[in-house]
Amino acid sequence: MTTLTIRYEPCVVSFIDVLGFRSLLGTRSAADIHGLLRQLEQFTRPDEEKPPRSMDEVRLRSRAFSFAISDAIVRVRTYDTQYHNGAFFNELYDLLHAQVGLIENGVIIRAGVAVGDAYVGYNGEGPLFGPALVRAYEIESQEAIYPRIVVDEHAIAEHGRDPRLRGEHNTLEYERQAIEGLLATGEDGTRYIDYLRASRSEFEFVGGWLKFLNRHASLVRDGLAQSGNNRVACKFEWLARYHDGCVAELLEETTSSDAMANELYEDGVKLDLASLISGLFVHTRQTMPCPRGGANLVRGGRCSWYPVRGNEDWRAAAAMVPPRLARTAPGTGVREGRGGL
């Protein structure tokens, strides 16, 4: 019987936590907390893969494992493999999908992503430990601060130095551009997944993405209303600024181009997008155009109107284009499932 050597291996590690979990423990029932944690686990769980049948198949390609630690989930993706299939990009891309899915289900997360040594076990059985886990936890707990998935600068630099983190058929510049399409830089220089903008290309129809923005705005408004004057409120204020910045860019794009309006013209229904998007702001924007304070619907030549107060009636417009997450990576072509550039 072969005895496997216990050793560290290079990994991409993501430490994921729920925003305001401690306060939730005091205000939500055990059933609510249980459901929330199950959602966190569901949306961060890696795709199922068959276990290796022989030692030749061990670490054939990069794959992710997940571990539940109290109210957190840790994802570990090995990348010292026989075939290099873009481990770093794939982890960021999976996290983007997880973040979008969780938000649509009312869960807001914060996370840290690091690259380094960790022990995960032959087939992800653990126990999980190592410097990369510690670093990912430090980023999540000390550096991320706000509800965002922060990517360590060392990890980004390592992607440029270590070809094992990249797809072996991709150029470095190609992958750098793909990764830059997923990230934003905060005022403090922190790099984080820009999930509001990056998710736009992940919806088959722009109407689905607008519906997602509306859901996000509702979550932030509710969080601000319920958090009061405390540390959690500061985090929701950051989310509001992030959200409103994205919506302001979208409104500028809409008012300066007909491309988006044409995209939403379907089945004889056309939206007055300027007024609709103005209703997506978390904070009231007095300077933003909002003709008649609502959105105009043109159906078969007849015009009707409905209000957009806090977007409670937004579903009537968004429902005309059902959302569906596409399997296309930003700027990288079609993917099969969630793996591979």
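Some observations on this one:
- Selected residue (only one of GLY101, GLY20 is among the small types (Gly, Ala, Ser), modelled with pLDDT under 85 and either loosely packed, with under 15 Cβ neighbours inside 10 Å or under 30 Å from LYS211 (Cβ atoms) (or both)): GLY20
- So GLY130, is it at positive phi and either modelled with pLDDT of 95 or more or in contact with a His (Cβ under 9 Å, 6 or more places away or on another chain) (or both): yes
- For ARG231, the criteria (1) within 13 Å of the chain's Cα centre (by Cα); (2) surrounded by fewer than 21 Cβ atoms within 10 Å (Cβ to Cβ); (3) not small (Gly, Ala, Ser) hold in every case but one, which is (1).
- Scanning the stretch 111-123 for residues that are in contact (Cβ under 8 Å) with a residue 60 or more places away in the chain and of a type outside the set (Phe, Trp, Tyr) yields ALA111, GLY112, VAL113, ALA114, VAL115, GLY116, ASP117, ALA118, VAL120, ASN123.
- Selection status of SER227, more than 25 Å from PHE67 (Cα to Cα) and touching a Pro at 6+ places or on another chain (Cβ under 7 Å): no
- Close pairs from the stretch 215-232: first of a type in the set (Val, Ile, Thr), partner in a helix (DSSP H, G or I), Cβ under 6 Å, at least 6 apart: VAL220/PHE236; VAL220/LEU239; VAL220/ALA240; VAL220/HIS243
The values are calculated or read from the model by the stated rules, or taken from the named source; none is laboratory data. All values reported here derive from a predicted model rather than from experimental measurement. Positions of Cβ are generated from backbone atoms using ideal geometry, with glycine treated the same way; all protein chains shown enter the neighbour counts.
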